[in-house]
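Following: one structure in C-alpha cells, then a few remarks.
Every number in this text was worked out from the coordinates using simple rules, so none of it is lab data. Given the structure is predicted, the values throughout are model-derived calculations rather than measurements. Don't worry about glycine lacking a Cβ; one is built from the backbone with ideal geometry, like all the others, and counts go over all protein chains shown.
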Amino acid sequence: MRYTFAAMELPEPPRRLVLGGAAFTAVTGALEENLADIRSAEVPARSAGHG
C-alpha cells in the first residue's frame with residue numbers, strides 16, 4: 001500500500017500502476033500481444049485513408 005501512496009505523491013504520478021512481479025509480467029505480456037496484433041494489421045489500417 002505504501003507504494004501506491006508514494007506514487008500518488010510524485011510530481012508526475014504514473015497513469016497506471018501495476019504492483020507485483022507476476023502482475024507486471026502478465027500485464028506487459030498482454031500489452032505486447034495486443035501491440036503485435038495491431039502491428040500485424042498496419043498495411044490495411046494505413047490504407048483505409050483516414051490520415
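Residue-wise HN-Hα couplings along the range 19-27, as the Karplus relation 6.51 cos²θ - 1.76 cosθ + 1.60 with θ = phi - 60° gives them from phi, are 9, x, x, 5, 5, 4, 4, 5, 5 Hz; Gly and Pro carry x. Exposed loop sites were defined as trypsin sites (Lys or Arg not before Pro) in DSSP loop states (anything but H, G, I, E or B) carrying at most 10 other C-beta atoms within 10 Å; in the chain the longest segment without such a site runs 17-51. Estimated at 0.36 nm per residue, the fully extended path between A23 and M8 surpasses their Cα-Cα distance by 3.5 nm.
Tell me, what is the FRET efficiency for R15 and I38 to the nearest 0.05, using R0 = 22 angstrom and their Cβ-Cβ distance as r? It comes out at approximately 0.70. Each residue of the range 42-47 is assigned a 3J(HN,Hα), and the resulting list reads 4, 4, x, 5, 6, 7 Hz, derived from the Karplus form 6.51 cos²θ - 1.76 cosθ + 1.60 (θ = phi - 60°), x at Gly and Pro. The phi-based Karplus calculation (6.51 cos²θ - 1.76 cosθ + 1.60; θ = phi - 60°) puts the 3J(HN,Hα) values of the range 2-10 at 5, 5, 5, 5, 5, 5, 5, 8, 5 Hz, whole numbers, x for Gly and Pro.
Take the Kirkwood radius over Cα pairs of the chain, plug it into Stokes-Einstein at 25 °C and 0.890 mPa s, and you get 178 µm²/s for translational diffusion.
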